[in-house]
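A short reminder: the numbers here are calculations on the coordinates, not readings from a lab. Computed from a predicted model, the values in this text were never measured in an experiment.
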Amino acid sequence: QPTTPPELTAVGEQVAAPYYAAMQQDMAAQFAFQEQGRQFSAQEDSLRHSADVLRKQAKQYKVAGQADMAKKLQKQARGLEKQAEGAEMAGESAFAGADKMAKGVHKYEDYA
C-alpha cells in the first residue's frame, strides 16, 4: 500500500531552504551551459557552411583559370574549418559541463 510522504514542517522547510537555493543555482548554471553549447553548435554549423561555400567558389575560380584566387579561397575555407573545430570543442565542453551540473542537482534533493 503506497503512502504519501509527510508534509514539510516550517522547521523542515527552513532546514531544506539552503539546499533548494543551491539546487536552483546549479540548475541555472546547467541551463546556461546548455545554452552556451547550443550557441557554439550553431556557430560551428555556420562556419562549416561558410567553408563549404568558399570551397565551391574556389572550384569555380579554378575552372575559370584563376588559380591564385582559388588558392586564396581554399585558404580561407581551411581557416573557417579550424574555427568550426574550435567551436565544436567548446560546445562539447559546455554540454559536458551541463551534464555534470545535472548529476549534482540530484544530490541536493537527497540531502534536503
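Using only the Cα atoms of segment 21-111, build the gyration tensor, take square roots of its eigenvalues as a ≥ b ≥ c, and label the shape rounded, prolate or oblate: rounded if a/c is under 1.5, else prolate if a/b is larger than b/c, else oblate. Provide the component values of the computation, followed by the final result.
Numbers: a/c = 6.54, a/b = 5.45, b/c = 1.20.
Prolate, since a/c reaches 1.5 and a/b exceeds b/c.
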HN-Hα J in Hz across segment 15-24 - Karplus 6.51, -1.76, 1.60, θ = phi - 60°, x for Gly and Pro = 5, 7, 3, x, 5, 5, 5, 5, 4, 5
task = Considering Cα pairs under 8 angstrom that are at least six residues apart, work out the relative contact order of the chain and quote it in whole percent.
result = 44 percent
ask   = What is the total of Lys pairs in the chain with C-alpha atoms under 14 Å apart, excluding same-chain pairs fewer than 8 positions apart?
value = 9
message = Which residue fluctuates most in the GNM of the chain (Cα springs below 10 Å): Gln60, Gln25, Gln14?
response = Gln14
